[in-house]
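Enquirer: Got a structure for you, written out below as structure tokens; questions coming shortly.
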Amino acid sequence: MTICAMFSWLAGGLRSPLRPVSLLLIIGLSAVGLGACSSSPKPKPQSTGVHWVSGTNGNYPADVNAWGAFTGRETGVAVVFTSRKDWHSLVSADWPTVAFTRAKFPGELSIAQPLFPEDGDEATCASGAYDSYWRTFGATLTKFGRADAYVRLGWEFNGAFNYWHVRSAETWKACFRRTVTAIRSTAPAVRIDWNMNAHSDKLPGSGQDVWDAYPGDQYVDVVSIDSYDFYPSSSDEASWNQQCHQRSGLCTVIRFAHDHGKKFAVPEWGVAWSNSGGKDNPFYIGKMHETFVANAANLAYEAYYNNSEPANVRSSLYKPDLNPKSSKRYLELFGTH
């Protein structure tokens, strides 16, 4: 019996006196974050606003803080990306940490970081040949006061569009473990964020299940997912439930994180015009907020990806507002009141 089914069975007992053990089970299951059990009818959360760490992407604090002007609240996390052309750019360059010191941006920092530059590979990484570079990266984080940054190592590893995608799950995991160990040796407070791309259940290099790339609890601090409104889009409750409970769906990630004693995160999410996206879709905005509210106790952070590039998702809600209906709904739910 699944946890969700067990909850429904026990809850049925409310029509008759409950034994103490049943009451304890119901209380415990309620704490799990059953907002992810969205296949069962339930009242929608009525609360609005944000009661967790919420932010957006941006190259400089001024870009990220502009999101605060839009939402009417401080931006809690900045999602940034390193350059991938060579080792110096990945691990030694001042960018992005020098721009996001605590003095310049007091919020949290989430850094998307491939496991090697464009001329690297997972087998060489797994051999330990790159360990010294990653010790340098930990030292760089420490130097600029960001030793506790979230680091999305090999983010969206299940997307064939990324050169660091998994070829062999076992080799990739060995690479990931060595990298984590090396970074922690010089930045022990770092928070390693194991991040998948939503709606891609199979690893592109081998066809293995996406969860075959999980490196083990001791190497992961946060389990996260980038969950845009495409492949497929969410136009109603049925389509939302279908995509959310995929092997690489948001609800699945929430459940896995909880079961493994981890926080979950959504470092990138947004409406989407590409890849069969739902375009200007306020329903999706509402479902994301509902999910965050229901699971706020286990949410490390989430960040709306505000993008207006013609060849990208075109998710922008602010400067420019490409999705006015979604922008309005976002402010109703995530803004100040």
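The values are calculated or read from the model by the stated rules, or taken from the named source; none is laboratory data. This is a predicted model, so every value here is computed, not measured. Positions of Cβ are generated from backbone atoms using ideal geometry, with glycine treated the same way; all protein chains shown enter the neighbour counts.
Enquirer: Filter the stretch 159-191 down to the residues that are of a type in the set (V, I, T) and either closer than 27 Å to S276 by Cβ or surrounded by fewer than 21 Cβ atoms within 10 Å (Cβ to Cβ) (or both) and list them by number.
Expert: Scanning the stretch 159-191 gives V166, T171, T181, T186.
Enquirer: Could you check the stretch 196-235 and list, in sequence order, the residues that are closer than 18 Å to F292 by Cα and charged (D, E, K, R)?
Expert: Residues satisfying the conditions are D226, D229.
Enquirer: S276 passes all but one of (1) modelled with pLDDT under 95; (2) touching a helix residue (DSSP H, G or I) at 6+ places or on another chain (Cβ under 9 Å); (3) of a type outside the set (V, I, T); which number fails?
Expert: With (1) modelled with pLDDT under 95; (2) touching a helix residue (DSSP H, G or I) at 6+ places or on another chain (Cβ under 9 Å); (3) of a type outside the set (V, I, T) applied to S276, the lone miss is (2).
Enquirer: Between a first residue in the stretch 301-328 that is of a type in the set (K, R) and a second residue that is crowded, with 16+ Cβ neighbours inside 10 Å and assigned to a loop (DSSP other than H, G, I, E, B), which pairs have beta carbons less than 6 Å apart while being 6 or more apart in sequence or on different chains?
Expert: Here the result reads R314/W273; R314/L322; K325/D280, each pair linking the stretch 301-328 to a residue that is crowded, with 16+ Cβ neighbours inside 10 Å and assigned to a loop (DSSP other than H, G, I, E, B).
Results for (1) in a loop (DSSP other than H, G, I, E, B); (2) under 14 Å from W164 (Cβ atoms); (3) of a type in the set (K, R), shown as yes or no for each residue.
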| residue | (1), (2), (3) |
| --- | --- |
| T75 | yes, no, no |
| A78 | no, no, no |
| H88 | no, no, no |
| D94 | yes, no, no |
| T101 | yes, no, no |
| F116 | yes, yes, no |
| G120 | yes, yes, no |
| S132 | no, no, no |
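Enquirer: From the list E118, E74, which one is in contact with a helix residue (DSSP H, G or I) (Cβ under 6 Å, 6 or more places away or on another chain), surrounded by fewer than 17 Cβ atoms within 10 Å (Cβ to Cβ) and farther than 16 Å from R178 by Cα?
Expert: Step by step, each of E118, E74 is checked, and only E74 is in contact with a helix residue (DSSP H, G or I) (Cβ under 6 Å, 6 or more places away or on another chain), surrounded by fewer than 17 Cβ atoms within 10 Å (Cβ to Cβ) and farther than 16 Å from R178 by Cα.
Enquirer: Name the helices (runs of 4 or more DSSP H) wholly inside the stretch 163-268 in which the number of residues that are in contact with a strand residue (DSSP E or B) (Cβ under 8 Å, 6 or more places away or on another chain) and touching a residue at least 60 places away in the same chain (Cβ under 8 Å) is 1 or more. Don't jump to the end; show me each part of the working.
Expert: Values: elements: 169-186, 237-244, 250-259.
Once the helices (runs of 4 or more DSSP H) in the stretch 163-268 are filtered for at least 1 residues that are in contact with a strand residue (DSSP E or B) (Cβ under 8 Å, 6 or more places away or on another chain) and touching a residue at least 60 places away in the same chain (Cβ under 8 Å), what remains is 169-186, 250-259.
Enquirer: Oh, and also: For the stretch 134-152, check the following and say yes or no: at least one residue is acidic (D, E), on the phi > 0 side of the Ramachandran plot and not in a helix (DSSP H, G or I).
Expert: Checked the stretch 134-152: no residue is acidic (D, E), on the phi > 0 side of the Ramachandran plot and not in a helix (DSSP H, G or I).
Enquirer: Tell me whether the stretch 182-199 contains one or more residues that are more than 30 Å from A139 (Cα to Cα) and either at pLDDT 95 or above or touching a Phe, Trp or Tyr at 6+ places or on another chain (Cβ under 9 Å) (or both).
Expert: yes
Enquirer: Which one is nearest to W67 (Cα to Cα) among residues in the stretch 303-337 that are touching a helix residue (DSSP H, G or I) at 6+ places or on another chain (Cβ under 6 Å) and either of a type in the set (D, E, K, R) or in a loop (DSSP other than H, G, I, E, B) (or both)?
Expert: The selected residue is Y318.
Enquirer: Determine whether N298 is in contact with a Gly (Cβ under 9 Å, 6 or more places away or on another chain) and over 22 Å from S239 (Cα atoms).
Expert: So N298 fits the description; yes.
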